[in-house]
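I have placed the structure first, in the form of structure tokens, so that the comments after it can refer back to it.
The values are calculated or read from the model by the stated rules, or taken from the named source; none is laboratory data. These numbers come from a predicted model, not from an experiment. Note: ideal-geometry Cβ built from the backbone for every residue, glycine included; neighbour counts use all protein chains shown. We work out accessible area using only protein heavy atoms, side chains counted, and drop any ligands, DNA or RNA first. Shrake-Rupley method; radii C 1.70, N 1.55, O 1.52, S 1.80 Å.
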Amino acid sequence: MIEVKSKTNSKEFETLALAMDWAKETGEFVTIKINGMELVGKFGADSIVDGKCPDGVEYTWKKRRR
């Protein structure tokens, strides 16, 4: 069994894929315990909105071609 804990909830899953899918849906920082290891973080991708990163920092990266 794979145990996933967030600040507000805790669940067990049979596969890592199911555990990761649930972790992405929660949108919270989670701990995934599997085979004596722990994976921690907020899973899923954030996006740039109105030229700003999710933490409010301005996104200025541009690909340069030579």
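Remind me, relative contact order of the chain in percent, using alpha carbon pairs under 8 angstrom and six or more residues apart?
Rounded, it is 23 percent for the chain.
Counting only protein heavy atoms and using a 1.4 Å probe, what share of the accessible area of the chain belongs to carbon plus sulfur, as a whole percent?
Working: 2770 of 5600 Å².
Looking at the chain in its full context, I get 50 percent from C and S.
For Rg/Rh (Cα atoms, Kirkwood Rh), the choices are [x] 1.01; [y] 0.93; [z] 1.17; which was calculated from the structure?
[z]
Solvent-accessible area per residue for the chain at a 1.4 Å probe radius, Å²? Kindly include the intermediate steps, with their values, before the conclusion.
Numbers: 5600 Å² over 66 residues.
The answer is 85 Å² per residue.
Stretch Glu3-Ala45 to full length: gain in nm at 0.36 nm per residue minus the Cα-Cα span?
12.9 nm
Could you state how much accessible area Lys33 has, in square angstrom rounded to the nearest 10, with a 1.4 Å probe and all protein chains kept in place?
Approximately 80 Å² of Lys33 is accessible to the 1.4 Å probe.
Given R₀ = 22 Å, FRET efficiency for Ser10-Glu38 by Cβ-Cβ distance, to 0.05?
On the way: r = 14 Å, r/R0 = 0.63.
Once the sixth-power term is evaluated, E becomes 0.95.
Below 10 angstrom from the Cβ of Ile2, what's the summed charge of the other residues (Lys, Arg +1; Asp, Glu -1)? Don't skip to the end; give the middle numbers.
Details: positive: Lys11, Lys33; negative: Glu3, Glu12, Glu14.
The answer is -1.
Suppose R0 equals 25 Å; then what is the FRET efficiency for Thr31 and Cys53 from their Cβ-Cβ distance, rounded to the nearest 0.05? Don't jump to the answer; show the numbers that get you there.
Working: r = 24 Å, r/R0 = 0.98.
FRET efficiency, Thr31 to Cys53: 0.55.
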